[in-house]
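To start, the structure under review is shown below, and the notes come after it.
The values are calculated or read from the model by the stated rules, or taken from the named source; none is laboratory data. Here the structure is a predicted model, which is why all the values come from computation and not from measurement. Please note: Cβ atoms are built from the backbone with ideal geometry, for glycine as well, and neighbour counts cover all protein chains shown. With ligands, DNA and RNA removed, areas are computed over all heavy atoms of the protein, side chains included. Shrake-Rupley method; radii C 1.70, N 1.55, O 1.52, S 1.80 Å.
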Amino acid sequence: MRFPPSFLDEIKQRLQVSDVVGRAVNLKRHGHEHKGLCPFHNEKTPSFTVNDDKEFYHCFGCGAHGSIFDFVIENEKLSFPEAVEKLAGLAGLPLPQVSPEAEKRYEQQKDHKKLLEDAARYFQTHLKQDSGKAAVSYLKNRGLDGKTALYFRLGFAPDRRQGLQNYLKEKGYSQADILACGLAIQPDDGKQPFDRFRDRLMFPITNTKGEVIAFGGRLLKENKKIAKYMNSPETDLFHKGHTVYNLHHARQSARQSQAMVVVEGYMDVIALAQFGIGYAVAPLGTALTEDQVKLLWQYADTLYLCFDGDEAGKRAANKVIDRCLPFLKPGKELRFMHLPKGEDPDSFIRNYGKERFFDMLNAAQPLAQKIFALEASLKPCTTPESRTDLINRLSDKAKQIKDNALQGTYMKFLRGLAYEQFKSSRGKKQKGVGKYSLSEGLGAKYQSDEKTLIAKALCLAILNYPILMDDVAEDLGHISFPHRHVENIRLLLLNHYMEDHEVNIDQIMRELEEKGLEKVLNEDVQKDLYALYRFIKPAQDFDNVLTWWRETYQGLQQKLHPAEQDLAMPSDNLEEWWETHAQDLESRFEV
């Protein structure tokens, strides 16, 4: 045999048929399949289909049919060994050595799969017996039903040192094979091997074909000296960094959603499945690896990485970013979802329900925004130097992406996020200021003429958007408002801004109440102003607000009589004007 079947199976697991065929045929998704024009005969209407789940292509026009190996052979006119060599390269697999040892290894793997299947049945049987009552009670307390337990083939390993080994030996398996499959441990002192899994709830781990290749076990009795969760060791069949729990089931459920949810543990996967979310998977005791992400992207375009709401969950998310950036490609996404502190997917969906979980998924943070949030949180960005440092760090992140087009897009997007933050950082602490009511319980409307209404609108806009002061302070200093109370609000805004170039809304609100100025912009007045000047409402586009403010200010300036400019700023320098009038301002605040 030129290539062991296990090697060909590994290629199939790493490469989807649509990826291979899509290199030569323009495919479009059509339900559970892909469709395109057949490359083997001339046609105008697509009759050529590709089914990734069944791992074949088929043309209803000419009857062409086969696997990825058949396609490469027929389309590129290669021999079978040449096709395997090419596909192995695409899959990142080195070619196996052709030897009798390789043949023996393949046959041995077949025997080991049978052994592991029998071990899974042994564990399932004991879950139903008296020895498994504690495990059944645990599952019921976690809200799992019998149907779910059967679907995931959950089992129980009794607390016996040679229980499983004796069972397997009776079926004809050797001690060497039991050890090779990781089901028993050989003591260093040469004493009799003992079962690896004892007194544990058992979770079979399968490959994409549903064949059992390993196990995970949860300790039922608390014991600080023993790990709560234990997985099979690395074997010829099982490699932790290349395998994820529940992929066999999840890839079927992911066909429609084109998404998978990556959680941290077995019970998280099982709980989500019981609530109808069958496209959840979990890594196996390690942080999500590059190979696992690539594997999952073969079956879904978007991966939702759902981490526990603790520091460990945040650290796990950060590790994934650095691992995944180099091989990021267009059309494949990562989104990050952090649950509330103290919650995991299992507890969250049971406490709050499926719809709330979907709300969390819909609010999951895209990779680019996650990168920005992480870098921006490392240190304050309040100086040119610190802001430049942030831009450089974001650029370094983008440069890790090997796809040139995507790298350029990320570079622009991350820099755009940074510039947006720089633009709004001065008013960030006052975000949401519009919720303040300048006076509660005052029902009477304050009647004003047009010029006073405009002056009130200009002040209210600043109270709702404190960042405006960075752009309009000079203008605000060049004018005095016709109504004395509104004028005092203008001076109060300038007073606060000149102290530290910030507008402290909380402090301003207190001073307005202390000075009796809250009635100038009470709730009813605000409603009238919002009806007249929609741009001053909270949650508007800032650029539009700024444009409106400047245009409205210029209009008011033209309306006012020059004699009214007694405290207008004659100097072009705001600081100079402030030094001249600072002592006089406080006296003008009194009503």
Per DSSP, the loop-located trypsin sites (Lys or Arg not before Pro) within region 286-365 having at most 15 other beta carbons within 10 Å are Lys341
Treating only Lys and Arg (+1) and Asp and Glu (-1) as charged, each at its beta carbon, one finds that the chain has a dipole about its Cα centre, in Debye to the nearest 20, of 3020 debye
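Can you tell me the order of 171-183, 529-541, 151-163 when each peptide is scored by its average per-residue count of other Cβ atoms within 10 angstrom, highest first?
Details: 171-183: 17.2, 529-541: 15.2, 151-163: 19.2.
Output ranking for 171-183, 529-541, 151-163: 151-163, 171-183, 529-541.
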Rounded to the nearest 5, the percent of DSSP beta bridges in region 232-377 running antiparallel is 20 percent
Partner aspartates and glutamates whose C-alpha sits under 20 Å from that of Lys28, ignoring same-chain residues fewer than 8 away, are Asp19, Glu43, Asp52, Asp53, Glu55, Asp301, Glu333
Answer in debye to the nearest 20: the dipole magnitude of region 226-271 about its Cα centre, from +1 Lys/Arg and -1 Asp/Glu charges placed on Cβ, is 160 debye
Candidate cut points under GluC sites (Glu not before Pro) in region 203-283, DSSP loop plus at most 12 other Cβ atoms within 10 Å of their own Cβ, are Glu222, Glu234
The simple spin-label model distance between Gln175 and Leu532, using points 7 Å out along Cα→Cβ, in nm, is 9.6 nm
Residues whose modelled amide H sits under 5 Å from the amide H of Ala184, counting only those 5 or more places away in sequence or on another chain, are Arg196
One finds the C-alpha centres of region 464-543 and region 325-393 to be spaced, in Å, by 35 Å
Reduced to Cα centres, the span from region 163-210 to region 9-65 in Å works out to 42 Å
Which of [x] -0.76, -1.68; [y] -0.56, -1.49; [z] -0.76, -1.31 gives log10 I(q)/I(0) by the Debye sum over Cα atoms at q = 0.08, 0.13 Å⁻¹ as computed here? It is [z]
Per residue, accessible area of the chain with a 1.4 Å probe, heavy atoms of protein chains only, in Å², comes to 50 Å²
Once Asp359 and Glu385 are pulled to full extension, the length gained, defined as 0.36 nm per residue separation minus their Cα-Cα distance, is 5.5 nm
Computed over the chain, the relative contact order (Cα-Cα under 8 Å, seq sep at least six) in percent reads 7 percent
Listed by chain and number, the residues whose amide H is under 5 Å from that of Glu333, excluding neighbours fewer than 5 places away on the same chain and using placed H, are Thr302, Leu303
With all protein chains present, the chain has a carbon and sulfur share of its accessible area (1.4 Å probe) in percent of 48 percent
Mean Cβ-within-10 Å packing, highest first, puts peptides 281-292, 543-554 in the order 281-292, 543-554
Expressed as a whole-number percentage, the relative contact order of region 51-165 with C-alpha contacts under 8 angstrom and at least six residues apart is 16 percent
Links exceeding 18 Å between C-alpha atoms in this model, out of Lys12/Lys209; Lys319/Lys354; Lys294/Lys399; Lys12/Lys319; Lys240/Lys294; Lys294/Lys332, come to Lys319/Lys354; Lys294/Lys399; Lys12/Lys319
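Of the peptides 373-384, 405-416, how do they stack up when ordered by the mean number of other Cβ atoms within 10 Å, highest first?
Working: 373-384: 12.8, 405-416: 15.6.
Listed from highest to lowest mean packing, they are 405-416, 373-384.
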